[in-house]
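Comments concern the structure below.
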């Protein structure tokens, strides 16, 4: 998940300070990130980007790979060859 600090709008007391975006690429002209804003459907450049990595997805992938290997071992044991 990637978030950008909202520095453009006048924020109220209960408005969100960050909004979620999709990383596109690094900027060619500055030290900024090019991100896709899903709410405005535009690509913008920002230096105020926070990357939040989730380990839950990685744990699920490892568990699925482990189950797949066990299933292969079971099927090889039960085969007549």
Check your understanding: Do we have residue 2 as modelled with pLDDT of 90 or more and surrounded by 10 or more Cβ atoms within 10 Å (Cβ to Cβ) here?
Key -> no
Revision key, fill the gap. In the range 1-18, anything assigned to a loop (DSSP other than H, G, I, E, B) and more than 14 Å from the chain's Cα centre (by Cα) is listed as 6, 7, 8, 9, 10, 11, 12, 13, 14, 15, 16, 17
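Quick grid of which residues meet (1) modelled with pLDDT of 90 or more; (2) part of a loop (DSSP other than H, G, I, E, B):
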{"residue": "20", "(1), (2)": "yes, no"}
{"residue": "24", "(1), (2)": "yes, no"}
{"residue": "31", "(1), (2)": "yes, yes"}
{"residue": "35", "(1), (2)": "yes, no"}
{"residue": "39", "(1), (2)": "no, yes"}
{"residue": "45", "(1), (2)": "yes, no"}
{"residue": "50", "(1), (2)": "no, no"}
{"residue": "56", "(1), (2)": "no, no"}
{"residue": "61", "(1), (2)": "no, no"}
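The values are calculated or read from the model by the stated rules, or taken from the named source; none is laboratory data. As the structure is a computational prediction, the values presented were derived from the model and not from experiment. Positions of Cβ are backbone-derived with ideal geometry, glycine not excepted, and every protein chain shown enters the neighbour counts.
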